[in-house]
């Protein structure tokens, strides 16, 4: 156990290959707001990377740029391993569950496959397996309004993962959930990630969540949105409830929190200077 | 059993009052309008008797019912004619309204260009347009259909257009991320999302197509030979046959109510599992 604790998380080691490099990426909206300015960020294969920052720091904008839902004003997104990544290799989980309210759980998870022309019969094994992974077996016929907030989010995750994407982008997925549900979903998400070893970019405004989940926490500052600092969270996986209450975790949270406060102050300073 | 009874007894005055009120509301919803209706019919009957009003001015309700029974053959064959126009025009309104809405949804430009024409068609009184239709269209059924269609299609068009355009932003992004084609987006996202709006428009259009059919028959009845309920009413009016007039009127309102109820039921069946409007109040 002790040896494992000393060793850094496997994906945090420098040997993993670069998946995506953002170089000098900026985004200016037509209303003149600079959402992102000169962002340099390297995402490695198998990373669980959190983007942490106050509202208005451009973390959601960064995620949308990575997803290809928006194009940068300046700079480049360099997808290693062959130009731009195919969109079918990206899973996206929104802040709201964003399910089709008229379709049941099965059909909601089927949707990405259905859009690729995969029939219900052919898709069924993948859907059944995915629903089992997010602990929703037996809820296939339920419609979203019959589910709790946490269960809806599980469906949303299952839908994002059913295509076996290499990158999972998550935009404050658990922000609207109560703490008990959030902890449970955190654990389940980590379990999924350790089994499949996909890459996660996770946007959050919670220090505790980012430290618990990630091997890298990128702290961002606002006005203009930019990368402020980065922390490596060198605690081993699997992380469980014991880690959540450990002094190590508390120390790491304090460290991240200190950096976040600096980032917020930097924002306030910029704001003050600007007026 | 006793445990449950005790619990009922344990209710504090406020809760007990609420339970009582809920019970009254449940019963009152049916009993009150029914009672008022019966009272009104009774009063109508009494007014006729007390004032010795002759039958050709205001027939007693019993006489109207008797006429409905006696003239059933004539009245119901006319009703069938009116119903045919009503349902055909409603069907055409659904096809036209949804078809145009889907067309509008393809591009903002198309919608901006053509929607004003739909509004012009809607706000111009049908009675004023009819003389023109009368000149250009020869076939009687086509005339009536066109009239009823113009009245009925707009709510479907306008509601469905609204529905197709009110899709959740994130869902749209989700479809985009998964590389959905235009057709897939329409089929799996926009049309289902527009369903509650369309059904709302359909409920309005159902009543309007009946009104459109009757109005069209009225206007046409003065110029040509039509055999719908409206012409029965005109005919009865000329002959001072007030009981038949009332009987025909009764049939028209009954038809309107039935159309509304059927469309409400259809709407409920389609939306009951997922849409807020069809859900039972739980609090």
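Some notes on this structure:
- Distance from segment A:196-275 to segment B:52-115 (C-alpha centre basis), Å: 66 Å
- Least to most buried among B:149, B:44, A:193 (fewest other Cβ within 10 Å first): B:44, A:193, B:149
- Highest-fluctuation residue, A:191, A:146, A:96 considered, GNM on chain A with Cα pairs under 10 Å: A:146
- Taking a quarter of the surface of the Cα convex hull of segment B:76-214 gives a mean projected area of 9.4 nm².
- Sorted by Cβ neighbour density within 10 Å, fewest at the top, the residues B:25, A:140: B:25, A:140
- Calculated P(r) tail over 48 Å for the protein assembly as shown, as whole % of Cα pairs: 37 percent
- Per residue, the convex hull volume that the Cα atoms of segment A:142-232 enclose (Å³): 120 Å³
- FRET efficiency, residue B:240 to residue B:53 (Cβ-Cβ, R0 22 Å, nearest 0.05): 0.95
- Degrees between helix A:105-115 axis and first principal axis of chain A (Cα, 0 to 90, nearest 10): 80 degrees
- Label-to-label distance, residue B:137 versus residue B:115, with points set 7 angstrom from Cα along the beta-carbon direction: 2.7 nm.
- Of the residues A:186, A:265, A:215, the one that moves most in a GNM of chain A with alpha-carbon contacts below 10 Å is A:265.
- Packing-based exposure ordering (other Cβ within 10 Å, fewest first) of A:227, A:28: A:28, A:227
- Segment A:94-137 shape via C-alpha gyration tensor axes, a/c threshold 1.5: oblate
- Between 0 and 90°, nearest 10: helix A:149-161 axis offset from chain A longest Cα axis: 90 degrees
- With a 10 Å cut-off around each Cβ of A:110-116, the average count of Cβ atoms from other chains is 5.
- Per-residue mean of C-beta atoms belonging to partner chains within 10 Å, peptide B:165-177: 5
- Our summary of shape: the Cα atoms of chain A have principal axis extents of 59, 51, 37 Å, ordered from largest down, in whole angstrom.
- Segment A:46-61 versus segment B:159-188: alpha-carbon centroid distance in Å: 27 Å
- With 5 Å bins from 0: P(r) over segment B:1-149, alpha-carbon pairs, percent: 2, 7, 8, 8, 9, 8, 9, 10, 10, 9, 8, 7, 4, 2, 1, 0
- Equivalent-ellipsoid semi-axes of segment A:18-134, from the Cα gyration tensor, Å, largest first: 31, 17, 14
- Rounded to 0.05, the FRET efficiency of the residue B:124 and residue A:70 pair, given R0 = 45 Å and the Cβ-Cβ distance, is 0.50.
- Remark on segment A:214-259: Rg and Dmax equal 12.4, 38 Å (Cα only).
- Per residue of the protein assembly as shown, the DSSP helices (runs of n ≥ 4 H) give a summed -39500 (n - 2.57) that works out to -20000 deg cm²/dmol at 222 nm.
- A Gaussian network model of chain B, with springs between Cα atoms under 10 Å, assigns the largest mean-square fluctuation among B:22, B:235, B:52 to B:22.
- The tail of the calculated P(r) for chain B beyond 31 Å holds 49 percent of all Cα-Cα pairs.
- Tilt relative to chain A, helix A:247-274 - C-alpha long axis, 0 to 90 degrees, to 10: 60 degrees
- Mean projected area (nm²) of the alpha-carbon convex hull when segment A:98-165 is viewed from all directions: 4.1 nm²
No value in this document is a laboratory result; all are computed from the given coordinates. Nothing here was measured: the structure is a model prediction, and the numbers come from that model. Heads up, the Cβs are rebuilt from the backbone with ideal geometry, glycines too, and the neighbour counts pull from every protein chain shown.
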